[in-house]
Amino acid sequence: MNVVFAVKQYVSKMIEDSGPGMKVLLMDKETTGIVSMVYTQSEILQKEVYLFERIDSPNREIMKHLKAICFLRPTKENVDHLIQELRRPKYSIYFIYFSNVISKSDVKSLAEADEQEVVAEVQEFYGDYIAVNPHLFSLNILGCCQGRNWDPAQLSRTTQGLTALLLSLKKCPMIRYQLSSEAAKRLAECVKQVITKEYELFEFRRTEVPPLLLILDRCDDAITPLLNQWTYQAMVHELLGINNNRIDLSRVPGISKDLREVVLSAENDEFYANNMYLNFAEIGSNIKNLMEDFQKKKPKEQQRLESIADMKAFVENYPQFKKMSGTVSKHVTVVGELSRLVGERNLLEVSEVEQELACQNDHSSALQNVKRLLQNPKVTEFDAARLVMLYALHYERHSSNSLPGLIADLRNKGVSEKYRKLVSAVVEYGGKRVRGSDLFSPKDAVAITKQFLKGLKGIENVYTQHQPFLHETLDHLIKGKLKENLYPYLGPSTLRDRPQDIIVFVIGGATYEEALTVYNLNRATPGVRTVLGGTTVHNTESFLEEVLASGLHSRSKESSQAPSRSASRR
C-alpha cells in the first residue's frame, strides 16, 4: 500500500498509452498539484511531454503537432472547459483521463462536442488525492466543517478523494468510525454509498482478511497539532510550512535568489529520504557529513584538464556534482533557518513545557512553568498562546484551574485578541465535552505501570515524549482490542481476524507526527500495512485556522477570560 507509487503508476500509464511523439499535459489547478507530488518536470520531459498547460488558461497557442493528455478532476467547470476545447481543438489528438468517476451525461456532452473526432479515449484514473509520503495522503482541504457538521461541498470532495484512494489501492474495505463524531459517521455512510453504487469498480480479488477503513475526527486529539516538532519533515512544516513539497524561504535573512523556494521530496532527494524522520540533533551531524562528502567530490580549482579523458570524466561527473551542490545548499539553508528560529523563539524551553503539558499530570509545576515562559520576552505571542491552549485542554476541569489568570498574563504580554479568543475556541473544538476518549489519564493498570516506569527511567529525549493518541488507537486496532462501542462498524458484519491493510482517515486534518507514528508502526508490525490520510496535513498555524473556520469560537464563552469588551467576530 504505497500511495506515491499508486499515483505515479497512473501518470506513467497515461503517458505510455498515448504512444510515441511530442505531447502536452493539460491539467487543472488540483491535478497539477497531484502530478507534481510524484513526478518532477525533468522526469516527465524524458517521456516526451514538452509542455504543461492549465485547461483554464485562456491564451493557449494552437499546436497541431502535439498530442494532448488531459488529466482533470470531473468537475462541471472542467467538463465545460473541455467542451469548449473540443469544439475548437488546439492539438492533434486528445487522451482524456478523469481523476474520479465521471457521469454518463458528461461523457455524452463531450462526445457531442467532439465533432472533429479528435478524442482517442476517455478513461477514469483514480489519482484524486495528494500523495505526500508513501503512507500519507491529503486532500488539501482547510476548514472542512461548520460547527460539528460537514460543509456539504467539502463532504462531497472528501468522499470522492477517499473512494479514489480505495480504488487506486484496489481495496474494498469494511468501515469503522468514531462514534463521538457525527461528521465521521456521515463520511462513513457517504463512502459506503459510493461503494454500493459503483460496486463493479470495487470488485477486487477477495483477500482472506478484508481491508479496514477507520474514520476519525481531529476533535478527539487537539493536543498533537499544537506541539512543536523535532523530526526533520515535521519540524520544517511546523516552522516554515510545506505546501505540496514546496517550502517558501523568501523571508529568510540574506537568502539568495535561487533558494527563495525549495522543493523537499523524498522521491528525488536522497538526503531528505534518509533524514525526514530523524531528530534535529542527528540532522545536524548528517548535514556535516554531507558537506564533507561534497568537499571531497568537489572538482579542484586548479584541477588540470590535460587530456581528452580528463575532460570526458569532468563532463560526465558534472551533472552529479551540480545536483549534489544543489542538495547541499538547500539542506544547509533549511537547517540553518530552523536553527535560527529555534534560538530566536527560545523553542527548546517552550517545547519542554509543551511536552510536560501533554504528557505529565503535575498541575502546579505546569502552571509555574507556563507563567514563567509568559514573562520571557523571547517567547512570541504565537508560542505563548499555544502554551495556554495546551494548559486549557489538559487542566480544563482541574479544581485549581488558573486559566483566567493566564489569559490576563497573555493580555499583559500584548498578545493579540485573535490569539486570546482562540484559547477558548480550541477548548470548544477539542475539549473534554467533545472528546470520545480520555487523552490524558492512563486507562488501565498496564498503562499506569508503563507511565510510572517511564518516569523512573527518565526519558531519553524530553522533547519527544509525546505519542499521538492515534498510536494507542492503532495499537488497540491491530491487537483486536479497539472497543466497538466507541468505534462501531458500519453495517452488520465485523472483522474476526486482526486487520492486515488499514486505511485511517482524519477529518479535520492529520499531522506529520501521526505520519511518523504510522511509519514506525508499519516497521514494527510485519504483516500489517497502514496508510494515513486527512482532509489536510496540519501544523499549529493551519490547525488554528481550521478551528476558526469551524465557527465554534463564535459560540465559545468569554467566561474563561478576565473581563474585557467582546470584539466583533472575525
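The values are calculated or read from the model by the stated rules, or taken from the named source; none is laboratory data. Small disclaimer: the values here were computed from a predicted structure and weren't measured. Counting neighbours? That spans all protein chains shown, and the Cβs are built from the backbone with ideal geometry, glycine included. Just so you know, the surface numbers come from the protein's heavy atoms only, side chains and all, with ligands and any DNA or RNA stripped out. Shrake-Rupley method; radii C 1.70, N 1.55, O 1.52, S 1.80 Å.
Annotations for the structure displayed:
- Out of Ile255, Ile283, sole residue that is surrounded by 16 or more Cβ atoms within 10 Å (Cβ to Cβ), in contact with a helix residue (DSSP H, G or I) (Cβ under 8 Å, 6 or more places away or on another chain) and either modelled with pLDDT under 90 or under 30 Å from Phe125 (Cα atoms) (or both): Ile283
- Against the list (1) open to solvent by 10 Å² or more (accessible area, probe 1.4 Å); (2) at pLDDT 90 or above; (3) within 30 Å of Val504 (Cα to Cα), the condition His65 fails is (3).
- Restricting Ile215, Ile195, Ile175 to those that are among the β-branched types (Val, Ile, Thr) and in contact with a Gly (Cβ under 9 Å, 6 or more places away or on another chain) reduces the list to Ile175.
- Picking from residues in region 338-380 that are β-branched (Val, Ile, Thr) and under 26 Å from the mean Cα position of the chain (by Cα), the one that is most open to solvent (accessible area, probe 1.4 Å) is Thr380.
- Region 498-537: number of residues that are of a type in the set (Phe, Trp, Tyr) and either outside any strand (DSSP E or B) or open to solvent by 10 Å² or more (accessible area, probe 1.4 Å) (or both): 2
- Odd one out for Asn274 among (1) at pLDDT 85 or above; (2) open to solvent by 60 Å² or more (accessible area, probe 1.4 Å); (3) not in a helix (DSSP H, G or I): (3)
- Hits in region 477-491 (condition: out of contact with any Phe, Trp or Tyr (no Cβ under 9 Å at 6 or more places or on another chain) and on the phi < 0 side of the Ramachandran plot): Ile478, Lys479, Lys481, Leu482, Lys483, Glu484, Asn485, Leu486
- Unmet criterion (only one of (1) in a helix (DSSP H, G or I); (2) on the phi > 0 side of the Ramachandran plot) for Lys170: (1)
- Check on Phe469, of a type in the set (Phe, Trp, Tyr), at pLDDT 90 or above and at negative phi: yes
- Verdict on Arg411 being open to solvent by 40 Å² or more (accessible area, probe 1.4 Å), out of contact with any Asp or Glu (no Cβ under 7 Å at 6 or more places or on another chain) and closer than 25 Å to Thr473 by Cα: no
- Residue selection: Ile34 fails the criterion of being closer than 30 Å to Leu532 by Cα, in a helix (DSSP H, G or I), open to solvent by less than 20 Å² (accessible area, probe 1.4 Å) and modelled with pLDDT under 90.
- Pick from region 190-240, criterion open to solvent by less than 20 Å² (accessible area, probe 1.4 Å), assigned to a helix (DSSP H, G or I) and among the hydrophobic types (A, V, I, L, M, F, W, C), ranking: nearest to Leu544 (Cα to Cα): Leu226
- Test set (1) under 30 Å from Asn520 (Cβ atoms); (2) open to solvent by less than 20 Å² (accessible area, probe 1.4 Å) - Val79 fails condition number: (1)
- Region 461-490: number of residues that are part of a loop (DSSP other than H, G, I, E, B) and open to solvent by 50 Å² or more (accessible area, probe 1.4 Å): 8
- Some residue of region 361-374 being in contact (Cβ under 8 Å) with a residue 60 or more places away in the chain and either in a helix (DSSP H, G or I) or under 16 Å from Tyr463 (Cβ atoms) (or both): no
- Residues that are within 27 Å of Thr535 (Cα to Cα), part of a loop (DSSP other than H, G, I, E, B) and open to solvent by less than 20 Å² (accessible area, probe 1.4 Å), drawn from region 103-135: Phe125, Gly127, Asp128, Tyr129, His135
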